[in-house]
Structure formats: C-alpha cells, structure tokens
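Q: First, the structure itself, so that you have it in front of you.
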Amino acid sequence: MATFQEIVSLLKIDQNTKCKISAILEEANEKADPEELLREAVLLLHKAQPSLTKFDALREIYRIFKKGCSERHRSFYFTPEQGIEISPNLPPCPEPDSRYHLFYPAETWEYRKDIEMLEELSKLKDEELPDGAILPLITCFSSSFRRFEDSCYGDPENIYPDRILERYGTRAFPCIMRVLAGPERYAIKPSAAYQTHLILLRLASKLPEELMLRVFRAVFASGLNIKYGS
C-alpha cells in the first residue's frame, strides 16, 4: 500500500505544502476521529491550489486519505456540508428593516400583526417592495407559517412569504446565496434549515437562467447536504 507521502507527491502543489499535508494525514490516521485534522489538510490544499473549489479539495484529500489509511478508517466519511461556497464579490444582503421583523410566536394572537404586514407587502407593486423586507421574509421560515392557510385575512396564497419573495426577482439573489452559505448566521434554526433550503432553491429556480445556474452550481459544487429536521 502506498504511503501518504507517495500519494501526496503526485499533487501539483509546492513541496512545502506537500510535506505539511502528508504530516497531517499521518497524524489523522492515528486519531479515532480524523475529521478535524483532515479539514486542515483540505484548507492547505485549497490555499495551494485555488483553482479547486473547497469541495473539490475535500474530495481530493478524502481520496488520498482512503488510499493510505489504516483499516479502522475504511468506513470514514466527512460530515455533510451545511452551506455553499460563495464568491467574495457577491453583493451584501440589504440591511433588514425593523418594521418587517417577522414573526411573532405562533401560539400568540400577535401573529395577526404579521398577517397584516404581509397583506400590506402583497398589495405593493413588484418594484415598490422594500429591500429591507427580503431577509425578514427569508428568515421567517424558521417559524411556523402554515397558520396563514387558516387566515381569514385577504388571499392567503398571496401573503405567503415565499410568494412575496418570488416577486423580488433578481433583487433577492444575494440573500438567497448568503443564507444558503450559512443559515445559522441569520438565526435560522437547524430544525428549519431543510425547509428553508428547499424554499430558497425553489425561488432560485425562478430567477433568470444565469443567476439560477450560479445558485445550483454552488449547491452541487459544495456537496451541500441538509438533513430533514437536522
């Protein structure tokens, strides 16, 4: 069986980084749980070969490790990724406006204020929809909004947060990408991440083709894998 040093020597990176990665792999092989160290090797490879995406670098380190690891690590797998990789020049999300701080607790009657707010937004023309409401509308998926189905206010279909978000079109693109990159940064509960991601991907599918492809390519390139109810 080839050694880590022999396998790593085939990588097209500088010799110093090869030595560091080999040493990390050797150390990881001695650990009961090698993942933390292996992710250090992934970062080193990605830095040395920036043409690789982080997920490509992870796959390469995984391939090398499985080739040279001991028997006890034959069944090792990396923990699934929870966010996509985004471009450093991606525009920031619009600052959330406190007037659209959704949602009130589902068990209180204050959620009627949310319904009134959504009704107000639904009556605006697409170009009049405020940028400051985009993030609140996305992050509200951490709350239960199925209660709107039973609402006696207006047309429930039109006041669903995702229906309003669809009308933002390309303006929602930076927020879609940034929330997919790190839902925890936007106070989205882990239990709601799966549902939020599905809704964001559905929104992305309605974007112009160029932007839609950027979202889905980022998802596939990152190996994003959000478990239901995780």
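Q: Out of the residues in the range 174-187 that are over 16 Å from Glu81 (Cα atoms) and touching a residue at least 40 places away in the same chain (Cβ under 8 Å), which is most open to solvent (accessible area, probe 1.4 Å)?
A: Within the range 174-187, the subset over 16 Å from Glu81 (Cα atoms) is 174-176, 186-187.
Still in the list and also touching a residue at least 40 places away in the same chain (Cβ under 8 Å): 174-175, 186-187.
Numbers: Pro174: 17, Cys175: 0, Tyr186: 57, Ala187: 80 Å².
Out of the qualifying residues, it is Ala187.
Q: For Glu149, are the conditions met, namely being modelled with pLDDT of 85 or more, surrounded by fewer than 13 Cβ atoms within 10 Å (Cβ to Cβ) and in a helix (DSSP H, G or I)? Write out each step before concluding.
A: Details: modelled with pLDDT of 85 or more: no; surrounded by fewer than 13 Cβ atoms within 10 Å (Cβ to Cβ): yes; in a helix (DSSP H, G or I): yes.
So Glu149 does not fit the description; no.
Q: So, Leu211, is that one within 20 Å of Pro96 (Cα to Cα), open to solvent by less than 60 Å² (accessible area, probe 1.4 Å) and modelled with pLDDT of 80 or more or not? Reasoning before the result, please.
A: On the way: within 20 Å of Pro96 (Cα to Cα): no; open to solvent by less than 60 Å² (accessible area, probe 1.4 Å): yes; modelled with pLDDT of 80 or more: yes.
Criteria not met by Leu211.
Q: Determine, yes or no, whether Phe4 is over 25 Å from Ala221 (Cα atoms) and either acidic (Asp, Glu) or surrounded by 17 or more Cβ atoms within 10 Å (Cβ to Cβ) (or both).
A: Values: over 25 Å from Ala221 (Cα atoms): yes; either acidic (Asp, Glu) or surrounded by 17 or more Cβ atoms within 10 Å (Cβ to Cβ) (or both): yes.
It is true that Phe4 is over 25 Å from Ala221 (Cα atoms) and either acidic (Asp, Glu) or surrounded by 17 or more Cβ atoms within 10 Å (Cβ to Cβ) (or both).
Q: Given the criterion under 26 Å from Gln195 (Cα atoms) and exposed (fewer than 13 other Cβ atoms within 10 Å of the Cβ), identify the matching residue among Tyr100, Tyr77. Walk me through how you get there before you give the answer.
A: Working: Tyr100 fails: exposed (fewer than 13 other Cβ atoms within 10 Å of the Cβ).
Just a single option satisfies the conditions, and that option is Tyr77.
Q: Examine the range 132-142 for a residue that is in contact with a Gly (Cβ under 9 Å, 6 or more places away or on another chain), at pLDDT 85 or above and of a type outside the set (Asp, Glu), and state whether such a residue exists.
A: From the range 132-142, those in contact with a Gly (Cβ under 9 Å, 6 or more places away or on another chain) are none; that's our starting set.
Taking every residue of the range 132-142 in turn, none turns out to be in contact with a Gly (Cβ under 9 Å, 6 or more places away or on another chain), at pLDDT 85 or above and of a type outside the set (Asp, Glu).
Q: Also, I was wondering about something else. Considering only residues that are open to solvent by 50 Å² or more (accessible area, probe 1.4 Å), in a loop (DSSP other than H, G, I, E, B) and of a type outside the set (Lys, Arg), which ones fall in the range 12-70?
A: Answer for the range 12-70, where residues must be open to solvent by 50 Å² or more (accessible area, probe 1.4 Å), in a loop (DSSP other than H, G, I, E, B) and of a type outside the set (Lys, Arg): Asp14, Ala32, Asp33, Pro50, Ser51.
The values are calculated or read from the model by the stated rules, or taken from the named source; none is laboratory data. As the structure is a prediction and not an experimental result, all values here were calculated from the model. As a convention, Cβ positions derive from the backbone with ideal geometry for all residues, glycine included, and neighbour counts pool all protein chains shown. Ligands, DNA and RNA are excluded from the accessible area calculation, which covers all protein heavy atoms including side chains. Shrake-Rupley method; radii C 1.70, N 1.55, O 1.52, S 1.80 Å.
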